[in-house]
Amino acid sequence: MEARKHTAYESYVNPQWVRLLNQAQMNAEYDVCQGDQLHTRDGRVIHDFLSGYCVYNAGHNHPRIIEALREELESSGPSMLQSHVAASAGELAEMLCSRAGGRLRKVFFTSSGSEGIETAIKFTRATTGRDGLLAARNAFHGLTCGALSLTDNRFWLDSFGPPIPGVTFVDFGDGDALERELSTSKYAAFFLEPIQGEGGIVLPPDGYLRRAQELCGKHGTLFVLDEVQTGLYRTGRFLAAHHYALNPDMVILAKALSGGLVPVGAVLMTDEIYNSIYSSPLHAMIHSSTYGENSLAMRAGLSTIKVLEQEDLGPRALRRGEQFRMRLDEVLSRFEMVSEVRGLGFFIGIVFSQHRTYPGIFGQMVVTSMFREHGILTQVCGNNAAVLRATPPLNISEEGLDRFAEAMEQVMETAHSSNRFWQDAMQLVGRTARDLRKRA
Ligand SMILES: Cc1ncc(COP(=O)(O)O)c(C=O)c1O
């Protein structure tokens, strides 16, 4: 039965994905997933240090979130009637605004992070009457047309036609370049991840975010924070923005708000932005989304926030994340191929020095070894293959943290001292090259 399902996926969904997982020797069949542990059909236990790219902040299949969803399903309520006032959307919006603070007083609900970015593009253009959009180089905001246009990485862009017009990029962290662009007064919004995720867990230089916010305010550009990865206590605070005392005009959340179970995203905004879009009853649905306020998604959001807070997972991420980062730094700093361990809370990146012969391949080899030999699921960053993610569920067990640190040390030791690692690397390169030749 399983084999048949697998074949159906290959035939009808995405055979290249199956190929990629096979090449990386990471095509496991998962059975039961609980907390930070993924149990496979052949009896292995894998610790999740990827968390679906920051989806599983509350861990996998949290029993209280499942219970809340079950209750919602059994209530037979008006799930997405679109002709009623969705009370649970009000409840979740209130909860989000009270946690986010500042001037964020209205919420538009989406079903993904990209949809949140699309919303922000429309709303900031309408509010300011400007078309220009500013984004940071090496950013990642999603892959729908508008969100994709906010990345400068050709890998994601090529072959999909021209990006939306009016987008300009500035280096992440360069306040002077930002000031030069903003002074043209042509930008509706500056889109920014407070800590770049797929770019390589890149922390902002001191004072940069506050300066960016001030400059945006001065030049009439809205300051939009993409907290799709960094939000929901991932970095220890509800928003990463809170570490830097920011007061943004908009914040986009998604991923972890789902509890890992029902897609939900949220765009938090000021009253001023809301009022410029939803200006009269005639415009009450001028921007809407069929699944946006559905009751299952709202329940997932509400119960996820409750779990994160009742289990104190924010303060834990801050404290344990910092200790864990220091421990990794301590055990890995003696290896020349590790140049830095950086991050905030449980948003951690291990930065590799680029290998002369195999730039880009080294990180992937570490991912494969960690998975195959040590039962750790992780990945390199989407825009930066030289950075390995250590982003576990915020309730990661002590055993999981120990296993990761010991495994990383052993993998580095092997890479440092044994030919086997490099023979495997050459095989991986060979397999990929053969596959490319077959496709050509
Ligand atoms: C920072 C950031 N913004 C937006 C997105 C897009 O979110 P989604 O995949 O839910 O559309 C992602 C996805 O990885 C992301 O990392």
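For this structure, a couple of remarks:
- For region 105-124, backbone nitrogen atoms closer than 20 Å to the point 7 Å from THR144 Cα along Cα-to-C-beta are found at 106-124.
- Helix axis angle, 113-128 relative to the chain longest principal axis, alpha carbon, degrees: 30 degrees
- Pairwise FRET efficiency - GLU322 versus LEU157, Cβ, R0 = 35 Å, nearest 0.05: 0.45
- Given their separation in residues at 0.36 nm each and the Cα-Cα distance between them, ARG431 and ASN275 gain 50.6 nm when the chain is fully extended.
- Taking Lys and Arg as +1 and Asp and Glu as -1, the other residues whose beta-carbon sits under 14 Å from that of HIS47 total -3.
- Total charge dipole magnitude, the chain, about the Cα centre, Cβ charges on Lys, Arg, Asp, Glu only, Debye to nearest 20: 800 debye
- Percent antiparallel among DSSP beta bridges (both partners in the chain, rounded to 5): 65 percent
- Region 324-411: GluC sites (Glu not before Pro) falling in loop per DSSP and having at most 16 other Cβ within 10 Å: GLU336
- Counting only DSSP H runs of at least 4 residues, each contributing -39500 (n - 2.57), and dividing by the residue count of the chain, the helix-based mean residue ellipticity at 222 nm comes to -13500 deg cm²/dmol.
- Diffusion coefficient (Stokes-Einstein, Kirkwood radius over C-alpha pairs, 10 °C, 1.306 mPa s) for region 222-300: 114 µm²/s, rounded to a whole number.
- Choice from PRO281, PRO165, PRO315 showing the highest fluctuation, given a GNM over the chain with Cα pairs closer than 10 Å: PRO281
- Solvent-accessible area per residue in region 167-266 equals 29 Å², computed with a 1.4 angstrom probe and all protein chains kept.
- Based on the reciprocal of the average 1/r between different C-alpha atoms, the Kirkwood radius for the chain equals 22.9 Å.
- Nearest-ten-degree value, helix 313-332 long axis tilted from longest Cα axis of the chain: 30 degrees
- Share antiparallel - DSSP beta bridges, region 63-310, percent rounded to 5: 40 percent
- Farthest toward the positive end of the dipole of the chain, out of ALA139, PHE335, GLN310, is the Cα of ALA139, where the dipole comes from beta carbon charges about the Cα centre.
- Charge dipole magnitude, Cβ of K and R +1, D and E -1 - region 63-310, Cα centre, debye nearest 20: 200 debye
- Percent of Cα pairs exceeding the 29 Å cut-off, where the set is region 63-310: 27 percent
- In summary, the convex hull built on the alpha carbon positions of region 229-269 has an orientation-averaged projected area of 2.8 nm².
- Within the listed set ALA254, ALA241, ALA126, the residue fluctuating most in the Gaussian network model of the chain (springs between alpha-carbon atoms under 10 angstrom) is ALA126.
- Distance from the alpha carbon centroid of region 84-147 to that of region 149-175 works out to 19 angstrom.
- Rounded tilt (10° steps) of 295-310 against the dominant C-alpha axis of the chain: 70 degrees
- Length-normalised contact order of region 63-310 in % [C-alpha pairs under 8 Å, at least 6 apart]: 29 percent
- Comparing THR290, THR235, THR378 in a Gaussian network model of the chain (Cα springs below 10 Å), the most mobile by mean-square fluctuation is THR290.
- Quotient of the Cα radius of gyration of region 109-166 and 2.2 N^0.38 Å, N being its number of residues: 1.10.
- Computed E for ARG41/ALA284 - FRET, C-beta separation, R0 51 angstrom, nearest 0.05: 0.55
The values are calculated or read from the model by the stated rules, or taken from the named source; none is laboratory data. This is a predicted model, so every value here is computed, not measured. Reconstructed Cβ throughout: ideal geometry from the backbone, glycine too, with neighbour counts over all protein chains shown. To get the accessible areas, we keep the full protein, side chains included, count just its heavy atoms, and leave off ligands, DNA and RNA. Shrake-Rupley method; radii C 1.70, N 1.55, O 1.52, S 1.80 Å.
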